[in-house]
1. Checking Ile49 against (1) open to solvent by 10 Å² or more (accessible area, probe 1.4 Å); (2) in contact with a Cys (Cβ under 9 Å, 6 or more places away or on another chain), only one condition comes out false. Which one?
2. Scanning the range 194-207 for residues that are under 30 Å from Ala120 (Cα atoms) and free of Cβ contacts under 8 Å to residues at least 40 places away in the same chain, which turns out most open to solvent (accessible area, probe 1.4 Å)?
3. List every residue pair whose Cβ atoms lie under 6 Å apart, where the two residues are 6 or more positions apart in sequence or sit on different chains, the first residue falls within the range 55-74 and is farther than 9 Å from Gly98 by Cβ and of a type outside the set (A, V, I, L, M, F, W, C), and the second residue, located anywhere, is in a loop (DSSP other than H, G, I, E, B) and open to solvent by 50 Å² or more (accessible area, probe 1.4 Å).
4. Give the residue that is most open to solvent (accessible area, probe 1.4 Å), with candidates limited to residues of the range 8-46 that are part of a helix (DSSP H, G or I) and among the basic types (Lys, Arg).
5. Just one of Gly223, Gly234 is in contact with a helix residue (DSSP H, G or I) (Cβ under 6 Å, 6 or more places away or on another chain) and not aliphatic (A, V, I, L, M); which is it?
6. Checking Leu196 against (1) assigned to a helix (DSSP H, G or I); (2) closer than 28 Å to Gly14 by Cβ; (3) not small (Gly, Ala, Ser), only one condition comes out false. Which one?
7. So, of the residues in the range 36-80 that are small (Gly, Ala, Ser) and within 18 Å of the chain's Cα centre (by Cα), which turns out to be nearest to Leu132 (Cα to Cα)?
Amino acid sequence: MSAAGMGIDHGLFGNVFMLGNGKGGVGKTTLTGNMAAKTAREGLRTLAIDVNGQGNLRRELGYGIQDKGAAFAESMRRGSALVPVVGVRENLDVVPGGTHVRELNDIFLTLATSQGPLAAFLRLAQCLQPLLPKYDAIFIDSPPENPNLLIMCLAAARWVITPVKSDAASLEDGLRDFAQSFGMVKTQINELLTLLGVVHFASQRNATNVHKDVAKRSQKILGKVAHTFSTVIGQSETTAKLAREDQYGCPVFELNQRRLRGDKTIPEAAEALAEDHDDLTVEVLERAQMLRSTV
């Protein structure tokens, strides 16, 4: 049995981007929120999917707790189309995560026992496929340290973006675990799955030697053809903290807009950080388009 034999056409998933690393705390959720907000702002119909039990994407986009992932879990249980929260921003819908997303592993195990592992790994793709015609860009924020759900996310994506920090845990341990899952999915489930690139997250922009080292160490694990995006996401602890506070709860671009309107609690660093996220999103979309044209 194959994905096609189960009704999944991976050729339709060309606008699905997944953020993934085997380690948490490397910027997956922050990048998901800011990239989704940027594409929506540019007029692309955008969907963000939060496959995390903490549901922290709500802090990046400020849409509140919602149902804690209950609708998401129910769709996955039934095998029915995902039901997004509509209009989080203009052109931006979200499938929220939260505590109910932790039920997905049990759903996976039940499916694997009753219908086989392939059906379990393809469940997210099955529930996402009916929504594909509605969106120009879809971003999946994948969970760390849960191989079953990570593979489920990989099986529902075309493009993979891997954020890393310069520490050994994310560059070596996290990437090694991730590379193993990626390789299995590409060879056995989703042959169109493509590693779009590695993002160096929360680093000094002018630390050239550090950036070169990150690229070199990433290629050592992911392969010499692994691309590292030229855009580095800078570091501003104050800006990152404020963006996730309840009174703000917004992408960095919007935080900087508030600063420009006179909010003196927001540091000037928000401007450069907003530019980083916007530049990365453009670079991601351009690289995906370039790779599409070579197929």
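The values are calculated or read from the model by the stated rules, or taken from the named source; none is laboratory data. The structure displayed is predicted, hence computed values, not measured ones. Methodologically, a virtual Cβ is constructed for each residue, glycine included, from the backbone with ideal geometry; neighbour enumeration extends over all protein chains shown. Just the protein is used for accessible areas: all its heavy atoms, side chains included, with ligands, DNA and RNA removed. Shrake-Rupley method; radii C 1.70, N 1.55, O 1.52, S 1.80 Å.
1. The one condition Ile49 does not meet is (1).
2. Looking only at the range 194-207, we keep the residues that are under 30 Å from Ala120 (Cα atoms), and these are 194-199.
Those still in the list that are free of Cβ contacts under 8 Å to residues at least 40 places away in the same chain too: 195, 198.
Working: Leu195: 36, Val198: 1 Å².
Only one residue fits best here, namely Leu195.
3. Sorted first by the residue in the range 55-74, then by its partner, the pairs are Arg59/Arg244.
4. Taking the range 8-46 first, the residues part of a helix (DSSP H, G or I) are 10-12, 28-41.
Still in the running and among the basic types (Lys, Arg): 28, 38, 41.
Values: Lys28: 12, Lys38: 25, Arg41: 90 Å².
The qualifying residue most open to solvent (accessible area, probe 1.4 Å) is Arg41.
5. Values: Gly223 fails: in contact with a helix residue (DSSP H, G or I) (Cβ under 6 Å, 6 or more places away or on another chain).
That would be Gly234, the only listed residue that is in contact with a helix residue (DSSP H, G or I) (Cβ under 6 Å, 6 or more places away or on another chain) and not aliphatic (A, V, I, L, M).
6. Condition (1) is where Leu196 drops out.
7. At the first step, the residues of the range 36-80 found to be small (Gly, Ala, Ser) are 36-37, 40, 43, 48, 53, 55, 62, 64, 69-71, 73, 75, 79-80.
Still in the running and within 18 Å of the chain's Cα centre (by Cα): 36-37, 40, 48, 53, 55, 62, 69.
Values: Ala36: 15, Ala37: 18, Ala40: 16, Ala48: 12, Gly53: 24, Gly55: 23, Gly62: 24, Gly69: 20 Å.
Once the filter is applied, the top-ranked residue is Ala48.
Let's see how each residue does on (1) farther than 17 Å from Val282 by Cβ; (2) at pLDDT 95 or above:
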{"position": "Met1", "(1), (2)": "yes, no"}
{"position": "Met6", "(1), (2)": "yes, no"}
{"position": "Phe13", "(1), (2)": "yes, yes"}
{"position": "Met18", "(1), (2)": "yes, yes"}
{"position": "Asn21", "(1), (2)": "yes, no"}
{"position": "Gly24", "(1), (2)": "yes, no"}
{"position": "Lys28", "(1), (2)": "yes, yes"}
{"position": "Asn34", "(1), (2)": "no, yes"}
{"position": "Ala40", "(1), (2)": "no, yes"}
